Amino acid sequence: MDLPNLELAVQRLRDAEAAMDAARADVEIEAVLAVRRGEAVEDVSAASGITPHDLVRLEKTAERRPA
C-alpha cells in the first residue's frame, strides 16, 4: 500500500480547500465594501457571483461585527 502518496494528495486537497475559503472570504469582504461605497447591489452581485439577497444579508451581518 502506498499511503505517502495518498497522504500528499489529502494534504493538497486540504490546502486547496483552505485557499478557496480564504478567497471566498476576500470576495465577500470586497463585495460588502463595494456596496458601502455606493456601488449598485445588482452590479456587485453580477461581478462577485453573490446573490443580491445574500449580499444584503452579508452587509447587514458585517454591521453587527466589531471592527
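The values are calculated or read from the model by the stated rules, or taken from the named source; none is laboratory data. Everything quoted here is computed from the prediction, not taken from an experiment. Here Cβ is always computed from backbone atoms with ideal geometry, including for glycine, and neighbour counts include all displayed protein chains. Side chains included, ligands, DNA and RNA excluded: accessible areas come from the protein's heavy atoms. Shrake-Rupley method; radii C 1.70, N 1.55, O 1.52, S 1.80 Å.
Summary of computed values
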{"read-out": "Breaking point among (1) assigned to a helix (DSSP H, G or I); (2) surrounded by fewer than 11 Cβ atoms within 10 Å (Cβ to Cβ), for residue 38", "value": "(1)"}
{"read-out": "Residues that are within 16 Å of the chain's Cα centre (by Cα) and over 20 Å from residue 62 (Cβ atoms), drawn from segment 1-45", "value": "15, 16, 17, 18, 19, 20"}
{"read-out": "Failed item, numbered, when residue 25 is tested on (1) open to solvent by less than 70 Å² (accessible area, probe 1.4 Å); (2) of a type outside the set (Val, Ile, Thr); (3) modelled with pLDDT under 95", "value": "(3)"}
